[in-house]
There are 2 protein chains.
Amino acid sequence: MNQIICTVDLVLLTLKEGALQVALLKRDKEPFKDVLALPGGFIHAEEDADARGAALRVLKEKAHITAPYLEQLATFSGPARDPRGWSLSIVYYALVSIDIVEQVGHSGRDQIRLVDVDKLMQLPFDHQAIIGMAVDRLRNKSQYSSLPCYLAGENFTLPQLQRVYEALMGGELNKVSFRRKMSEMGMLEEVDGRFGLAGAHRPAQLYRLRPEHREHLSLLERGL
Amino acid sequence: MNQIICTVDLVLLTLKEGALQVALLKRDKEPFKDVLALPGGFIHAEEDADARGAALRVLKEKAHITAPYLEQLATFSGPARDPRGWSLSIVYYALVSIDIVEQVGHSGRDQIRLVDVDKLMQLPFDHQAIIGMAVDRLRNKSQYSSLPCYLAGENFTLPQLQRVYEALMGGELNKVSFRRKMSEMGMLEEVDGRFGLAGAHRPAQLYRLRPEHREHLSLLERGL
DNA sequence: GGAATAGTGTCTGTAAGACACTATATG
DNA sequence: CATATAGTGTCTTACAGACACTATTCC
């Protein structure tokens with residue numbers, strides 16, 4: 001019978017200083033021991049409810065992160081991508097705010113390394129191609145959905161959210177249009193009374209995702 | 001070591017009499033022998049270059065169809081979807097014109113059964129959910145891409161193509177806008193001198209996909 | 001009141017849809 | 001020339017972006 005290596009890999013993305021960054025970990029086993037790569041691991045048929053469950057488990061065990069926005073990207077396969085043999089990796093991408101990453105970044109035994117996705121070094125396996133596809137998917141979906149909200153943390157102001165969208169899409173957005181569109185998607189609610197920012201100027205209203213939109217994206221008819 | 005069952009499944013879609021249909025085959029082995037289901041099969045690590053290669057092989061062996069538009073849909077996995085154990089299926093969807101299906105439908109040993117996707121019966125495994133996702137994906141992508149062209153055959157007129165888009169999206173489209181959009185995508189070229197249709201009226205110009213657009217979709221900025 | 005950023009009202013330009021007209025085939 | 005469908009010119013409507021104005025905070 002064919003022996004096929006079944007794994008999951010995770011593209012954990014966050015936004016730091018206006019740049020999209022991917023989380024890499026040093027591999028703790030051969031092949032490529034001690035080399036930076038995407039967090040990943042074998043599917044455990046006895047304990048994982050499905051591939052998504054395996055992805056959540058890997059994310060928790062290796063990056064100490066729970067319950068981010070998580071979506072299946074694609075499955076990569078073939079005889080050449082892993083030196084151990086014909087392999088298959090079901091890849092998920094996750095979005096988290098930088099605060100979450102920095103909280104766990106210190107605590108964990110495994111040190112998370114954040115790398116700008118536009119300045120990637122050589123990576124083992126086909127991890128560069130995988131990250132490329134994840135970034136394309138994120139940037140594309142950002143044009144017509146609430147996806148970028150998951151990079152913004154729990155509470156955020158509209159100017160902050162606009163800067164997130166602008167960082168992803170590369171270019172300035174019209175303030176009036178942006179706010180019309182966010183309102184049209186209807187996934188935001190005001191955080192009562194609370195205001196963001198300090199400084200010698202008017203503070204901005206804080207918002208958060210409505211509970212019913214925490215798991216499911218909002219979509220726009222015609223993009224931003 | 002975990003034994004995980006690795007398969008590919010195919011959602012072969014076509015448009016017949018204005019209705020989107022999925023191709024089903026009687027299974028030739030247990031489980032569910034002689035029951036209608038999606039064409040599928042094990043990945044053969046020795047011969048398949050990757051999962052896409054396995055999908056093309058299955059499509060050729062079981063449905064006798066080569067070189068359709070083929071795109072990965074998603075991977076479905078878990079302990080319950082296949083009675084044989086923890087399994088994983090990398091699902092691809094393919095689009096072909098009804099002419100292609102009907103040509104091979106007679107020749108093959110395996111009889112293809114076309115079923116309206118909106119009138120599906122109970123199916124084995126999680127094939128109903130898989131088909132549902134494929135249809136959603138097709139209908140969604142039809143809003144802003146040239147995807148429906150692959151359902152229209154090699155040569156087609158603009159009125160025919162508009163009827164294809166309308167069948168997928170459920171609703172009438174504005175003729176002027178539709179033609180502006182097709183022109184904007186720039187993936188069509190006139191088939192010289194040839195005209196479609198007969199009848200007591202002006203015949204329509206035939207078009208086909210430009211060679212450089214046969215593999216890659218064209219996209220619209222703002223949808224139809 | 002000055003400075004700085006948040007938030008909104010309104011005008012303008014562009015793109016989509018409605019409609020009507022011309023074009024070209026058959027009988 | 002009647003009829004039926006293909007294909008286009010143009011007007012109207014709706015939406016996105018530009019711009020300017022008001023709002024609110026700290027100093």
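The values are calculated or read from the model by the stated rules, or taken from the named source; none is laboratory data. Everything quoted here is computed from the prediction, not taken from an experiment. Positions of Cβ are generated from backbone atoms using ideal geometry, with glycine treated the same way; all protein chains shown enter the neighbour counts. These accessible areas exclude ligands, DNA and RNA; they are computed on the full protein's heavy atoms, side chains included. Shrake-Rupley method; radii C 1.70, N 1.55, O 1.52, S 1.80 Å.
In region B:80-102, which residues are surrounded by 14 or more Cβ atoms within 10 Å (Cβ to Cβ) and either in a helix (DSSP H, G or I) or not hydroxyl-bearing (Ser, Thr, Tyr) (or both)? Give the steps one after another, and end with the answer.
Residues of region B:80-102 that are surrounded by 14 or more Cβ atoms within 10 Å (Cβ to Cβ), as a first pass: B:81-82, B:86-98, B:100-101.
Within region B:80-102, B:Arg81, B:Asp82, B:Trp86, B:Leu88, B:Ile90, B:Val91, B:Ala94, B:Leu95, B:Val96, B:Ile98, B:Ile100, B:Val101 meet the criteria.
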>> Of everything in region A:45-56, what is open to solvent by 30 Å² or more (accessible area, probe 1.4 Å), of a type outside the set (A, V, I, L, M) and farther than 15 Å from B:Ile5 by Cβ? Give them in sequence order.
In response: A:Glu47, A:Arg52
> Which condition does A:Asp126 not pass, out of (1) without any contact (Cβ under 8 Å) to a residue 60 or more places away in the chain; (2) open to solvent by 70 Å² or more (accessible area, probe 1.4 Å); (3) within 14 Å of chain B (Cβ to nearest Cβ); (4) under 30 Å from A:Pro79 (Cβ atoms), if it passes all the others?
Replying inline: (2)
>> Could you check region B:161-208 and list, in sequence order, the residues that are of a type in the set (Val, Ile, Thr) and near DNA strand D (Cβ under 10 Å from one of its atoms)?
In response: B:Val176
>> Being at pLDDT 95 or above, in a loop (DSSP other than H, G, I, E, B) and more than 11 Å from DNA strand C (Cβ to nearest atom): is that true of A:Leu168 here?
In response: no
>> So if I check each of A:Ala51, A:Ala74, which one is in contact (Cβ under 8 Å) with a residue 24 or more places away in the chain, under 26 Å from B:Ile43 (Cα atoms) and touching a helix residue (DSSP H, G or I) at 6+ places or on another chain (Cβ under 9 Å)?
In response: A:Ala74
>> Between B:Arg139, B:Arg113, B:Arg210, B:Arg202, which is open to solvent by 60 Å² or more (accessible area, probe 1.4 Å), closer than 25 Å to B:Ile90 by Cα and without any contact (Cβ under 8 Å) to a residue 40 or more places away in the chain?
In response: B:Arg139
>> I need the full set of residues from region B:44-79 which are polar (S, T, N, Q) and either modelled with pLDDT of 95 or more or not in a loop (DSSP other than H, G, I, E, B) (or both), in order please.
In response: B:Gln72, B:Thr75, B:Ser77
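Kindly indicate the residue of region A:213-224 that is more than 16 Å from DNA strand D (Cβ to nearest atom) and either part of a strand (DSSP E or B) or surrounded by 12 or more Cβ atoms within 10 Å (Cβ to Cβ) (or both) and also nearest to the other protein chains (Cβ to nearest Cβ) among those meeting that condition.
A:Leu217
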> Considering B:Leu188, B:Leu173, which residue is within 15 Å of DNA strand C (Cβ to nearest atom), modelled with pLDDT of 95 or more and more than 30 Å from B:Arg81 (Cα to Cα)?
Replying inline: B:Leu173
> Among the residues of region A:1-26, how many are more than 12 Å from every other protein chain (Cβ to nearest Cβ) and under 24 Å from A:Asp48 (Cα atoms)?
Replying inline: 9
> Looking only at residues in region A:176-185 that are open to solvent by 70 Å² or more (accessible area, probe 1.4 Å) and either part of a loop (DSSP other than H, G, I, E, B) or not aliphatic (A, V, I, L, M) (or both), which one is nearest to DNA strand C (Cβ to nearest atom)?
Replying inline: A:Arg179
